[in-house]
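First the structure, in the form of structure tokens, and then the observations on it.
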Amino acid sequence: MSEWHCEQMDDGFAARRLGKLSDYQLLNGCLDEVRAQDEGELWLLCDAQTRLSERVALAESTRRRR
């Protein structure tokens, strides 16, 4: 999870993105932070959010070409 900063908290785990999301990504469901109860759940959430942000960035670039 190199694109995320992860830390253990009293009630589980939290991860914050190291990079900045575009307004378009934020508008379309990408999150700056995720929280989970265990490390496995956190890894899956970070992976899902990373993939989503990549796909949304692709949609954004397609939108600009029109």
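What follows draws every value from the coordinates through simple rules; no lab data is involved. What you are looking at is a predicted structure, and each value in this text was computed from that prediction instead of being measured. Glycine gets a Cβ as well: all are built from the backbone with ideal geometry, and neighbour counts include every protein chain shown.
Observations on the structure shown:
- Some residue of the stretch 14-22 being touching a Lys or Arg at 6+ places or on another chain (Cβ under 9 Å) and either without any contact (Cβ under 8 Å) to a residue 40 or more places away in the chain or surrounded by 10 or more Cβ atoms within 10 Å (Cβ to Cβ) (or both): yes
- Checking each residue in the stretch 27-49 for being on the phi > 0 side of the Ramachandran plot and free of Cβ contacts under 8 Å to residues at least 24 places away in the same chain picks out no residue at all.
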